Amino acid sequence: MTRENLYRAIGKMDEKLISDVILHELEISGKASLIGNPDMTERLIDADVVKRKNRKIKLSFILIAAAAAVAVGAAILGLRRYKDENKENRIDNYFVEDDNFNYYSLSDNFSDFAHLTPADDGMFLSAFYSGPDPDEENDSNDTGSDLQQRGQYILKTDNEGNLKSEYCLGDSRILKIRRSGNNSVYVLAAGEEDGNDETFFVLIPDRKCRMKEKICLDIDNEEMMQISLFCDFIIEDDTVSVIAECSQDDISYYEIMYFDMDGNMKGKTEYRDISVFKFFESAGNIYAVCRNSERSFISAVDTDNKELVEKKSLKYNIESAAQFSEGNDEYDLFINFYDGVYGYRMSDNSLTECVNWLDSGIDRASLVSFGMNSSNRISFVYSENYWGGSLYNINSYTRADDETLNNFRNRKEINAAFLCTPDEEIYSCFNDINKDSDEYRIHIDDYTKYSTDDDISGMSRLESEIKNGNIPDMIFAGSRFDWLKYCADGTLENIDNYFGKDEEFERDKYFENIFDAYKYDGIQFAIPINFEIRCMTSKKSVTGDRTGYTCEELENIENNGNLFSDERYESVIDMFVSSNITEYVDFKSGKCDFDNKDFITLLNIIKRNCDSDDINIDNSVLETAVPENIKLFNLFPVCGYKDLRISQQIYTGEEMSYVGYPSSKESLPLVSSECCIGITAASEYKMEAGELIEYLISDYIQENADTHMSGDQILYDGAHFSVSRAVFENNAFRSMRGVPSVYCSSSGEKKIKLNEIDQETVDDLKNTVNKINRAALYDSGIAEIISEEFDSFIENRQTAEETAEKIQNKVSGYLKKLK
Amino acid sequence: MFADDKTIIKHFFERDERAVSETSEKYGTFLYRIAEKILSNKEDAEECTNETYLKTWNAIPPQRPKVFPAFLGTIVRNISFDHYSMTRAEKRGGGVIDAVLDELAECIPDTKADIECDEDELKKVIDSFVGALPDRNRKIFVMRYWSNESVSTIAGRLKMSENSVSAVLTRIRKKMKKYLAERGFEP
């Protein structure tokens, strides 16, 4: 291919892709205005590649929304109140690209930017300079500096990104940059001195980045061996405090080390039960952001007694924060959660949204570090090649002006509660909508920031919001969400009323049976945007064409606990029962069916064939258990084609079969999805939400959402299968063509080339997928009951019969209460 | 007042010569500008514009354009580029088209591939790549590589800085190179 080929091919691009640009060109040339030509305007609207942008409001759904408003009066009023109170502040956090930011001033000379730290009049950051270009005469560069030496640099820039000063650290590694009170920085770095072991040191440059002081930290070799990561450091008075994440005998823990200003260690404290993430200063005191297994909190750092003293409890899970950044005059600390940057203030223990990533069109997943220079400017380092992970750039955004904000305020706001982390492609699609649409904006509330160890998605928080009438328009959640409960109580709308109504939408282009698996009592309560297969996998030579076993049949083929390849009790009861709840519970009638012979048999099978949580499972055993006929079944789901290749080649060793979980009948495999979308009955924008779902499952999005490749190698395809038949087929074709992919053995020692799959394997998969008729669904209340009683059974405090009876009674009571 | 596109196309179907004059009146300047940006030569651009009317006459019927100016633009762009290719040995240098082609050269993958490349296939891949770009980036791409606009013109029309436009174009080219490589296109 030549550049001319490419140019010609661009010339043949689909008219739809170029027509709006041409219209614009014609308009501004004044030669042939097409405005007012309804035929052309209509075509151009149709031609817009970003169809969502031009979705027209149809009278029908305005009427439906009005009717719904009457029907659910109180809830809608609650929803409106919620929106009105919060909308203004949120919209103020809309940032736009700073056109004055001189991107090239830095990127022409430097690469691998990191550790961006705000300063009053610009920012500090680290970068790599590869040395003068030997092909060019050294006429310095347009920054006015005189770069000569290759290596790591500390850079100081003004607000426009113009380089003001730099300091070279040669081959040293810059670990952290921390702003000091006088608008200068401290730098924690590591390097080798005199060929000896690595030395860690703190540099104190002046505000022009000239070296003022260097403190070599006295960390002995043994200590050094245990440090995996320096999380943060801070200098106060005469003490350098450093947070390090350490590891010993495969157990991770945190340490705070205290040094004097000569680098001598004054002492250290180990923290085995809490994680310590970041230091910050407030009113002259030093604090640390911490988390234990239950909650996040702020502790004062007592450098004299070398201890942390808890001061404030945080309502957010700080562990879900991607990065932290230094505070400014307004806030003590900035925290980057998935949906935006939040400013934390110690005085009133408040956390306030300062930048909304989605509104601002910033792909936060690629962020490496950020700094709020002031309340009106954010600069950040981002990775452009996320999967390659090597290209780091910087950019700066400013708060949108009033005119832009007013325009934004007038848009209709669709609120989406996120209880899962969807693929970046979907997030970036929302970014595009918010950038391009004149009519709508999507606001995401990321509930994972309210997560706890027992509630990984933040579902309890959403539940209390719903109880208070703060009902989002859409819910994005995975399989561990109480879909059925919210379907039964009317919180979720029947998506069928709002989905697939567009005449262009062809439902049969999708796996309709997968959609149908998310129907309950005729109500389409959610649409999965992708899926995985939950089943037991085995050798086809062992199971033949069977697609399921009853509990009794499974017991008959069991031989001395040889059924499942090294699984734990808790995960198997969860898989077979708690996440397979429609097998046992009928939410509509409020009846359940646990107290029976099959369930009792199942409990005994699990007890005989699984291990307790305390036993360390050697993953390499999993690779041989089924291939060497030590066990009959693997229990991991099959997610995507790469996963299929691994399951078949590595974990099965020959042609693989998919078998449903054991129950009273021969059940088929289940479908599960890590991202399903529901529309709430209280939403004012059901039609728009339906169109958005259509868009998210379109080939256009799905093609990019699930497989990440680099060159001719699949890097990542472990996510899911596509619900679109066409994309599903395309990915199958790619796996059959033998696009290379590699499996790293659990020991990390072996890299095994994955073979291409054959047509028969694809046919088997399709056959399995086409037969699926139920989803793996879950209810947190029932799961808790089952887990509690099952534990008693495993600990021999009750028999299987007693366990089944107790679960039956408790779940019946729970269902009665729900009704 | 210009004739509307439906009428012009109707005249082409009826083999009514008014079709050509109506097209020329309505879109002549627009077509000339496209040609001129490729050829940087007044006479050549006029020649290619006239040839466009002839090609359109021969193409409609049987074809029925959905977006008439886009249809015309595609023809004039292709004719002009053919003309450019034939004469560039003696005329190369300085025009936007040279910069555009140099930039496109950056998108050509350097990996080995196992899919045979043909122009139809390449067109499909480009359609899917450009179709997946965010709206603003798509417009920037089309303005630069379809319409051959200068970076400053694009910046002015989209109310962006030239630096930002250049940065967006650089990113798109990198993505496109990766995209083409993944789909088996080789140099």
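The values are calculated or read from the model by the stated rules, or taken from the named source; none is laboratory data. Since the model is a prediction, treat every value here as computed from it, not as a measurement. Note that we place each Cβ from the backbone using ideal geometry, even for glycine, and neighbour counts take in every protein chain shown.
Below is a table of values for the structure above.
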| item | result |
| --- | --- |
| Residue within segment A:463-470 that is more than 25 Å from the chain's Cα centre (by Cα) and either part of a helix (DSSP H, G or I) or crowded, with 22+ Cβ neighbours inside 10 Å (or both) present | yes |
| Filter result (within 11 Å of chain B (Cβ to nearest Cβ) and either part of a strand (DSSP E or B) or among the aliphatic types (A, V, I, L, M) (or both)) within segment A:404-438 | A:I433 |
| Members of segment A:670-694 found to be polar (S, T, N, Q) and out of contact with any Gly (no Cβ under 9 Å at 6 or more places or on another chain), listed by number | A:T680, A:S683 |
| Per-region count, segment B:1-57, residues within 18 Å of B:N148 (Cβ to Cβ), among the hydroxyl-bearing types (S, T, Y) and more than 10 Å from chain A (Cβ to nearest Cβ) | 4 |
| Matching residues, segment A:251-294, being among the aromatic types (F, W, Y) and either more than 14 Å from A:K306 (Cβ to Cβ) or touching a residue at least 40 places away in the same chain (Cβ under 8 Å) (or both) | A:Y253, A:Y258, A:F259, A:F277, A:F279, A:F280, A:Y287 |
| First in segment A:337-358 and touching a residue at least 12 places away in the same chain (Cβ under 8 Å) and farther than 15 Å from A:I318 by Cα, second anywhere and crowded, with 16+ Cβ neighbours inside 10 Å and basic (K, R), Cβ under 8 Å, 6 or more apart | A:N356/A:R90; A:W357/A:R364 |
| Matching residues, segment A:1-25, being under 28 Å from B:D5 (Cα atoms) and in contact with a Phe, Trp or Tyr (Cβ under 6 Å, 6 or more places away or on another chain) | A:I10, A:I18 |
| In segment A:563-584, residue nearest to the chain's Cα centre (by Cα) [restricted to those that are in a loop (DSSP other than H, G, I, E, B) and under 18 Å from A:S612 (Cβ atoms)] | A:E567 |
| Residue satisfying condition, being at pLDDT 80 or above and part of a helix (DSSP H, G or I), within set A:E756, A:E760 | A:E760 |
| Pair list, Cβ under 6 Å, 6 or more apart: segment A:658-674 residue more than 11 Å from A:V769 (Cα to Cα), other residue surrounded by 24 or more Cβ atoms within 10 Å (Cβ to Cβ) and of a type in the set (K, R) | A:S672/A:R534 |
| Candidates A:E532, A:E512, A:E570, filtered to the one that is crowded, with 22+ Cβ neighbours inside 10 Å, within 24 Å of A:E674 (Cβ to Cβ) and acidic (D, E) | A:E532 |
| Positions within segment B:134-187 being of a type in the set (D, E, K, R) and more than 8 Å from chain A (Cβ to nearest Cβ), in sequence order | B:R144, B:E149, B:K159, B:E162, B:R173, B:K175, B:K177, B:R183 |
| The lone exception for A:D454 - which of (1) within 14 Å of chain B (Cβ to nearest Cβ); (2) over 15 Å from the mean Cα position of the chain (by Cα); (3) at pLDDT below 85 it fails | (1) |
| Residue within segment A:144-156 that is over 20 Å from A:K212 (Cβ atoms), among the basic types (K, R) and either at pLDDT 70 or above or over 31 Å from the mean Cα position of the chain (by Cα) (or both) present | yes |
| Residue match in segment A:439-457 (condition: touching a strand residue (DSSP E or B) at 6+ places or on another chain (Cβ under 8 Å), crowded, with 20+ Cβ neighbours inside 10 Å and assigned to a loop (DSSP other than H, G, I, E, B)) | yes |
| Checking A:L484 against (1) in a loop (DSSP other than H, G, I, E, B); (2) surrounded by 21 or more Cβ atoms within 10 Å (Cβ to Cβ), the condition it does not meet | (1) |
| So A:Y651, is it touching a residue at least 24 places away in the same chain (Cβ under 8 Å) and assigned to a loop (DSSP other than H, G, I, E, B) | no |
| Residue identified as assigned to a helix (DSSP H, G or I), over 22 Å from A:K156 (Cβ atoms) and at pLDDT below 90 among A:D304, A:D359 | A:D359 |
| Residue that is farthest from the chain's Cα centre (by Cα), among those in segment B:5-52 that are within 22 Å of B:L101 (Cα to Cα) and of a type in the set (K, R) | B:K42 |
| Yes/no for A:L777 being assigned to a loop (DSSP other than H, G, I, E, B) and under 30 Å from A:S722 (Cβ atoms) | yes |
| Flag for B:Y84 being aromatic (F, W, Y), in contact (Cβ under 8 Å) with a residue 12 or more places away in the chain and away from chain A (no Cβ under 13 Å) | no |
| Leading residue by the ranking (surrounded by the most Cβ atoms within 10 Å (Cβ to Cβ)) among those in segment A:307-344 that are more than 29 Å from the chain's Cα centre (by Cα) and assigned to a strand (DSSP E or B) | A:L308 |
